[in-house]
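Taking it in order: structure first as structure tokens, then the write-up.
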Amino acid sequence: MRKTLKSAHRYLKRAGAISAALSAAATVAAQSTAAPLAKPQVHIVATGGTIASTNYYSANVGKIGVAALLAAVPAIDSIASITGRQFSNVASGAITTDMWLRLSRDISDTLRARPGLAGVVVTHGTDTMEETAYFLDLTVADPRPVIVTGAMRPSDGIGIDGPANLYNSVRVAADPGSRGRGAMVLLNDEIFAGRDVTKMNTVRPDAFGAPYRGALGVADPERIVWHRPPFRQPLFDLTGVRELPRVDIAYAYAGADGAAIDAFVAAGAKGIVVAGVGRGGTTPGIDAAIRRAMQNGVVVVVGSRTGSGGVAVGEGAGRESGSPGTVGAGDLPVQKARVLLTLALLKSTDSRDVARVFAAHQ
Ligand code: DAS
């Protein structure tokens with residue numbers, strides 16, 4: 001009983017601390033001038049997803065906030081000094097490009113305001129986590145790490161993975177070896193580069209992988225193990241960017257015509273990524289629509305729907321499939337190629353420039 005009260009007291013204390021952290025930006029400013037703490041400081045930005053859900057497999061899906069997420073992992077207190085912010089509480093299918101912009105700025109601003117912070121953890125739905133992680137990887141310039149995590153099982157499920165993922169993400173965010181590695185994804189003890197990671201299973205706790213390049217490291221019980229030295233690709237500066245251009249993905253399949261591409265162009269797409277067959281192949285109908293789109297100034301990138309392996313990179317990569325002038329996605333999955341094309345279009349709408357960007361990000 002005493003123990004229960006003690007942990008309830010600690011929970012309330014933590015919940016109070018978090019709501020104070022949420023209440024005003026001034027709190028963040030105050031923390032930056034506070035005396036240095038013995039434990040590393042980690043900031044958590046919660047966006048929603050299964051990790052923050054209850055009754056997930058029912059018609060009445062519930063939500064829990066960042067304070068309750070932390071309360072489920074009391075051991076975090078022993079490894080880091082935590083602050084938290086509720087950015088949103090949505091399934092990741094509801095994350096928009098506008099939210100990417102705000103989230104990236106929010107994280108960069110927090111890191112700038114708090115030099116004592118070791119790193120940031122973002123909790124996120126797993127469905128589009130890889131896209132958000134890649135966007136943050138390409139836009140948060142600070143060398144301190146951003147770890148994106150979530151859960152495959154809801155917070156009130158059996159054998160839940162959320163608390164372990166959150167705990168390990170805080171460990172990785174606090175680990176000096178994380179510096180200079182950009183935004184990463186951690187689930188199931190594995191650490192992946194934001195660029196390389198993809199969701200490969202709809203339900204299993206080991207749903208994430210990087211089929212072409214492999215994991216960056218693992219969160220072992222006694223230490224964080226890194227398999228490769230830090231490496232970052234060129235970044236994009238979001239200063240002055242108010243909105244991101246529309247970029248859509250068109251899926252190729254036997255007999256596909258160009259209706260989807262024509263519709264995307266009509267809807268205002270500035271870029272289109274084609275999920276090509278095999279090594280970036282298309283269909284006669286898609287080729288014709290690609291030519292029409294390019295005549296309208298739309299930049300077209302061709303990737304593959306296969307899930308692993310690359311397509312030729314560089315302007316004219318689609319020549320093989322009958323669409324010269326397209327840009328090859330390399331080994332980026334189409335949903336990642338969409339993120340890169342969205343940012344590349346902020347700099348240039350010339351497909352030759354975009355091809356150089358794609359080449360630089362392989
Ligand atoms: N609810 C889904 C999402 O928000 C799945 C999940 O988080 O695992 O992406």
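Overview of results
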{"read-out": "Positions within the stretch 44-59 being away from the ligand (no atom under 14 Å from the Cβ) and either touching a Ser or Thr at 6+ places or on another chain (Cβ under 9 Å) or touching a residue at least 60 places away in the same chain (Cβ under 8 Å) (or both), in sequence order", "value": "ILE44, VAL45"}
{"read-out": "Whichever residue in the stretch 50-103 is out of contact with any strand residue (DSSP E or B) (no Cβ under 9 Å at 6 or more places or on another chain) and charged (D, E, K, R) and, among such residues, is nearest to SER169 (Cα to Cα)", "value": "ASP77"}
{"read-out": "Residues of the stretch 68-121 satisfying the condition of being in contact with a helix residue (DSSP H, G or I) (Cβ under 7 Å, 6 or more places away or on another chain) and basic (Lys, Arg)", "value": "ARG85, ARG114"}
{"read-out": "Only listed residue being surrounded by 24 or more Cβ atoms within 10 Å (Cβ to Cβ), within 15 Å of the ligand (Cβ to nearest atom) and among the polar types (S, T, N, Q), chosen from SER155, SER169, SER178", "value": "SER169"}
{"read-out": "VAL185, sole failed condition from (1) at pLDDT 95 or above; (2) more than 21 Å from ASP161 (Cα to Cα)", "value": "(2)"}
{"read-out": "ARG195 vs. criteria modelled with pLDDT of 95 or more, touching a helix residue (DSSP H, G or I) at 6+ places or on another chain (Cβ under 6 Å) and assigned to a loop (DSSP other than H, G, I, E, B)", "value": "yes"}
{"read-out": "Residue list for the stretch 187-212, filter: surrounded by 15 or more Cβ atoms within 10 Å (Cβ to Cβ) and not hydrophobic (A, V, I, L, M, F, W, C)", "value": "ASN188, ASP189, GLU190, GLY194, ARG195, ASP196, THR198, LYS199, PRO205, GLY209, PRO211, TYR212"}
{"read-out": "Strands (runs of 3 or more DSSP E) fully within the stretch 214-264 counting 1 or more residues that are within 23 Å of LEU186 (Cβ to Cβ)", "value": "217-219, 224-226"}
{"read-out": "Verdict on PRO163 being more than 16 Å from the ligand (Cβ to nearest atom) and surrounded by fewer than 23 Cβ atoms within 10 Å (Cβ to Cβ)", "value": "no"}
{"read-out": "Sole residue being in the same structural domain as LEU138 (by TED's automatic domain parsing) and modelled with pLDDT under 80, chosen from ALA30, ALA71", "value": "ALA30"}
{"read-out": "Test for THR132: is it part of a loop (DSSP other than H, G, I, E, B) and at pLDDT 95 or above", "value": "no"}
{"read-out": "Residue in the stretch 86-101 that is within 11 Å of the ligand (Cβ to nearest atom), surrounded by fewer than 20 Cβ atoms within 10 Å (Cβ to Cβ) and under 24 Å from GLY217 (Cα atoms) present", "value": "no"}
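The values are calculated or read from the model by the stated rules, or taken from the named source; none is laboratory data. Computed from a prediction, not measured in an experiment: that's the story for all the values here. Cβ coordinates were reconstructed from backbone atoms using ideal geometry, including for glycine residues, and neighbour counts include every protein chain displayed.
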